[in-house]
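Encoded as structure tokens, the structure appears first; notes follow it.
The values are calculated or read from the model by the stated rules, or taken from the named source; none is laboratory data. Here the structure is a predicted model, which is why all the values come from computation and not from measurement. Note that we place each Cβ from the backbone using ideal geometry, even for glycine, and neighbour counts take in every protein chain shown. Accessible surface is based on the protein model in full, side chains and every heavy atom, while ligands, DNA and RNA are left aside. Shrake-Rupley method; radii C 1.70, N 1.55, O 1.52, S 1.80 Å.
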Amino acid sequence: MTKLIVDGKEIEVPADYTLLQACEAAGAEIPRFCYHERLSIAGNCRMCLVEVKGGPKPVASCAWGVRDCRPGPNGEPPEISTRSPMVKKAREGVMEFLLINHPLDCPICDQGGECDLQDQAMGYGVDTSRFAENKRAVEDKYLGALVKTSMTRCIQCTRCVRFAAEVAGAPEMGAIGRGEDMEITSFLETALTSELQGNLVDICPVGALTSKPYAFAARPWELGKTQSIDVMDAVGSAIRVDTRGREVMRILPRVNEAVNEEWISDKTRHVVDGLRTQRLDRPFVRENGKLRAATWGEAFAAIAAKVSAAGNKVAAIAGDLAAVEEMFAIKALLASMGSANVSTAASAAFDAKAGRASYIFNPTIAGIEQADALLIVGANPRKEAAVLNARIRKAWRGGKLKIGVIGEKADLTYRYDHLGAGTDTLADVIGGKHSFADVLKNAKNPIVLVGAGATSRADGAAVLGQAAKLASDIGAVKDGWNGFAVLHSAASTVGALDIGFAGGQGAAGADVVFSLGADDVEIAPGAFVVYIGTHGDRGAHRADVILPGSAYTEKSGIFVNTEGRVQMAERAGFPPGDAREDWAIIRALSDVLGKKLPFDSLAQLRQAIFKQVPHLMRLDQIEAGDVAGIKTLAGKGGAVDKAPFKSPVEDFYLTNPIARASAVMAECSRLASGQLLTAAE
């Protein structure tokens, strides 16, 4: 530790701190534009100037290390001043320079009201300028469907360039020209390809990069803000849902170091317009092969007639976006009919009885940074969990993480050894016949990551058992470290396994099937399908009765992410028309069926859930699984298919009904597939 005196206050900080970090540790506020704690240091905006006692001029605190400060003549600690007249004058001069060419278009700028330049001009600038020359103009650039550019506002902080290269792993942005003619642009002005490009808007400190779908839609002070979590994948990123009236206007990330740091994927951020379009807002009943609008009473009567004839030949399938509450309610309803045939679209390979450790991401998302070897089996993290993939890239950039992949050869934004395509390669690694087996055995904290490409297959349980055996053999499961990691692609899967909503036969042999938004499950003709969902997607097309439910922004619901972290999605708005919360629909239906469920409110329903599964009441905590479950899994065996692993996520942007209803996601999908490449096209 090194001693410093900051504004007369003596502090001790690590020697590898920058002066900016040291000053902030002492409680001083340092303005900055180019510095960002998650990016490399550029030192080119000069706004963070401070005075070092004995120095002839102010220094840029972001680029000056604590270890570079010399002690006083008698060995006293270096003195730093952040509020001296020299510093005040220097910052005012820097701000005056920054505003020479900046257009004064705050009234029409989407960044207005939440702009770093506005705030710091107020706090550290002056009210006059000595420059009367014409302002320069810069042509706007085309960056794709999500990021809108107004490059005349750009102050060349290069945050966007560094983010694209370092965090997103798609170095498609850079600077051309010199001096006053310098411009930030993408390569040949083609659309950006990263799944994290929306974060460029958040880190841009001025209005040069703004959100294209949200352009001119609302002002920040008009919006109601609700803290929630994302359900587009199984990562459970922390988000803030901004609403105006009943309408969701935008979704922004919240900082959560344990899960998503401060990034979210483009699907999380820009799926907003899908919440408004193709919505189911009233019940429908199929008559003579056609769906017609009906009342709730008519819809319930049609279901009751079929259920009474079906006896216990009733099944329930939950889709990717189902919350714990509705899954628990429908499971209780089926149990009262004598049926235990409940399952989710993606849980067939897992055995809930083996314990939590057999189906969660045990090392945790933040734990990836401690790993020194990673084997990815049947997963494409870039498509299945883009934010988690950025965490893997962060650990890889640290230099100590060696990565091997068994499965598809894809651009994951980091270098890896492609070991092979299928189960034969996995068997070779288990048998020690592959060189990567030694890398795993010699690693201190190895991770074996199994993805949906392995677990969604017919032999998924056997592949999972093989991966568990490998994890046990290489010492990935030991005191203080559990390196067996299951990466789910659906937000509902872990919660379903926690409450035992798994193990059913699906629609096979059932006369009546309740579908909780299970749009990606094919249900054979013959069964009577009751669809409880939000959008007119594939599931609604197959349905005989449609009951309109609530989207994740329109209800309070418990979700459990891939690492087993219990999270709460909060209500930000209300569902359209006659749509209701899913658990309330099931509770009302149970009354009509004569199987009344024992709860009348969400609080009572949650009490019943917590009584059965106590760890679900501990929000933002992970209930660690018993490692004996991994040993059980490892001993299961089973025949495996030799077909290569293939990720079930073919199109990152169109994985669920909300995304498929979004025009923005449709355009992103076209861009990603190469149908639209440049602004000219």
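Dividing the alpha-carbon Rg of region 293-335 by 2.2 N^0.38 Å yields what?
My calculation over the Cα atoms of region 293-335 gives 1.33.
Assign one of three labels to region 162-220, namely rounded, prolate or oblate, based on the Cα gyration tensor with a ≥ b ≥ c the square roots of its eigenvalues; rounded applies when a/c is under 1.5, prolate when it is not and a/b is larger than b/c, and oblate otherwise.
Oblate, since a/c reaches 1.5 and b/c is not below a/b.
To one decimal place, what orientation-averaged projected area in nm² is obtained for the convex hull of the Cα set of region 580-623? Could you put the intermediate results ahead of the total?
Numbers: hull surface 14.8 nm².
Result: a mean projected hull area of 3.7 nm².
So what's the Cα pair-distance distribution over region 502-612, bin width 5 Å, in %?
2, 10, 16, 20, 22, 18, 9, 2
Per residue, how much accessible area does region 316-382 have with a 1.4 Å probe, in Å²?
Accessible surface, normalised per residue, equals 23 Å².
Rounded to the nearest 5, what is the percent of antiparallel bridges among the DSSP beta bridges in the chain?
If we restrict to bridges inside the chain, about 60 percent are antiparallel.
Provide, as a two-decimal number, the C-alpha radius of gyration of region 63-104 over 2.2 N^0.38 Å, N being how many residues it has.
Numbers: Rg = 15.6 Å, N = 42, 2.2 N^0.38 = 9.1 Å.
Cα Rg divided by the expected 2.2 N^0.38 Å: 1.71.
Where does region 339-381 land on Rg(C-alpha)/(2.2 N^0.38 Å)?
Dividing the Cα radius of gyration by 2.2 N^0.38 Å gives 1.53.
Looking at region 452-581 only, what percent of DSSP beta bridges run antiparallel? Nearest 5 please.
Rounded to the nearest five, the antiparallel share is 45 percent.
Give me Rg over Rh for region 1-152, both radii from the alpha carbons and Rh done the Kirkwood way, two decimal places.
Details: Rg = 18.0 Å, Rh = 17.3 Å.
With Rh from the inverse mean 1/r over Cα pairs, Rg/Rh is 1.04.
Which whole-number percent of Cα pairs in region 342-498 have a distance greater than 29 Å?
The calculated P(r) of region 342-498 puts 9 percent of pairs beyond 29 Å.
Report the rotationally averaged projected area of region 604-656 based on its alpha-carbon convex hull, in square nanometres.
7.6 nm²
What's the local net charge at Tyr359, with K and R +1, D and E -1, over the other residues with C-beta under 15 Å away?
On the way: positive: Lys353, Arg356, Arg565, Lys631, Lys636; negative: Asp351, Asp498, Glu563, Glu623, Asp626.
With Lys, Arg at +1 and Asp, Glu at -1, the neighbours total 0.
Taking a probe of 1.4 Å, how large is the accessible area per residue of region 518-664, in Å²?
Numbers: 6160 Å² over 147 residues.
It amounts to 42 Å² per residue over region 518-664.
Can you give the calculated 222 nm mean residue ellipticity of the chain, where each DSSP H run of n ≥ 4 adds -39,500 (n - 2.57) and the sum is split over every residue, rounded to the nearest 500 deg cm²/dmol?
Calculated mean residue ellipticity at 222 nm is -7000 deg cm²/dmol.
Obtain the nm distance between the two label points defined at Lys478 and Asp417 by a simple spin-label model: each point lies 7 Å from its Cα along the Cα-to-C-beta direction.
Placing both labels 7 Å beyond Cα along the Cβ direction yields 1.9 nm.
Which value, in Å³ per residue, describes the convex hull spanned by the Cα atoms of region 1-42?
Enclosed volume per residue, from the Cα hull, is 71 Å³.
What angle do you read, to the nearest 10 degrees and between 0 and 90, between the alpha-carbon axis of helix 602-612 and the longest principal axis of the chain?
Approximately 80 degrees, to the nearest 10.
Please work out how much length the chain gains when fully extended from Ile41 to Val255, using 0.36 nm per residue of separation minus the C-alpha to C-alpha distance, in nm with one decimal.
75.0 nm
Under a crude label model (7 Å from the Cα following the beta-carbon direction), how far is Phe610 from Lys595 in nanometres?
2.7 nm
Determine the gain in length on full extension of the stretch Met122-Asp438; use 0.36 nm per residue of separation and subtract their C-alpha separation, reporting nm with one decimal. It would help to have the intermediate numbers written out before the result.
Details: separation 316, 0.36 × 316 = 113.76 nm, distance 5.86 nm.
Additional length available on full extension: 107.9 nm.
Between Asp281 and Glu114, how many nm apart are label points set 7 Å from Cα along the C-beta direction?
2.7 nm
Could you work out the Kirkwood radius for region 1-90, taking every pair of different alpha carbons, averaging 1/r and inverting it, reported in Å?
Result for region 1-90 stands at 13.0 Å.
Taking 0.36 nm per intervening residue step and subtracting the Cα-Cα distance, what contour gain separates Glu133 from Lys57 on full extension?
24.6 nm is the gain from fully extending Glu133 to Lys57.
When the Karplus curve 6.51 cos²θ - 1.76 cosθ + 1.60 is applied with θ = phi - 60°, which whole-Hz ³J(HN,Hα) does each residue of region 233-243 get, with x for Gly and Pro?
Computed from phi, the couplings for region 233-243 are 9, 8, 6, x, 4, 7, 10, 10, 9, 9, 10 Hz.
In Å, what is the Rg of the alpha-carbon atoms in the chain, and how long is Dmax?
Cα radius of gyration and Dmax of the chain are 27.7, 96 Å respectively.
Counting only protein heavy atoms and using a 1.4 Å probe, what share of the accessible area of the chain belongs to carbon plus sulfur, as a whole percent?
51 percent
What per residue convex hull volume, in Å³, comes out for region 130-186 when only alpha-carbon positions are used?
Given the Cα convex hull of region 130-186, per-residue volume reads 95 Å³.
Using only the alpha-carbon atoms, how far is helix 85-98 inclined from the longest principal axis of the chain? Give it as 0 to 90 degrees, nearest 10.
Once rounded, the angle reads 60 degrees.
In debye, nearest 20, what is the charge dipole magnitude of the chain about its Cα centre with +1 on Lys and Arg Cβ and -1 on Asp and Glu Cβ, if you could check?
Dipole about the Cα centre, nearest 20: 660 debye.
Compute the FRET efficiency between Arg178 and Met151 as 1/(1 + (r/R0)^6), taking r as their Cβ-Cβ distance and R0 = 22 Å, and round to the nearest 0.05.
Details: r = 16 Å, r/R0 = 0.73.
In this case the efficiency is close to 0.85.
Using only the Cα atoms of region 381-459, what are the Rg and Dmax in Å?
Spelled out, the Cα radius of gyration and Dmax of region 381-459 are 12.8, 37 Å.
Could you check how many percent of all C-alpha pairs in region 255-363 are farther apart than 23 Å?
Above the 23 Å cut-off, region 255-363 has 55 percent of its Cα pairs.
Choose one of Ala624, Tyr414, Gln278: the residue whose Cα lies farthest towards the positive end of the charge dipole of the chain (beta-carbon charges +1 Lys, Arg; -1 Asp, Glu; about the Cα centre).
In the chain, that residue is Ala624.
Please list, ordered by chain and number, the residues whose modelled amide H lies under 5 Å from the amide H of Ser211; skip anything fewer than 5 residues away on the same chain.
Lys148
Order of 532-540, 280-288 by packing, highest average Cβ count within 10 Å first? Present the calculation step by step, with values, prior to reporting the outcome.
Working: 532-540: 23.9, 280-288: 16.9.
The packing order, highest mean first, is 532-540, 280-288.
Compute the accessible area per residue over region 1-46, keeping the other protein chains in place, probe 1.4 Å, unit Å². Let's see the in-between values first.
Details: 2170 Å² over 46 residues.
Here the per-residue accessible area is 47 Å².
With a/c under 1.5 counting as rounded, go ahead and sort region 538-681 into rounded, prolate or oblate using the C-alpha gyration tensor (a ≥ b ≥ c being the square roots of the eigenvalues; past the cut-off, prolate if a/b is larger than b/c, else oblate).
Oblate shape, in that a/c is at least 1.5 and b/c is the bigger or equal ratio.
To the nearest 10 degrees, how steep is helix 324-336 against the longest Cα principal axis of the chain, on a 0 to 90 scale?
Helix 324-336 sits at roughly 10 degrees to that axis.
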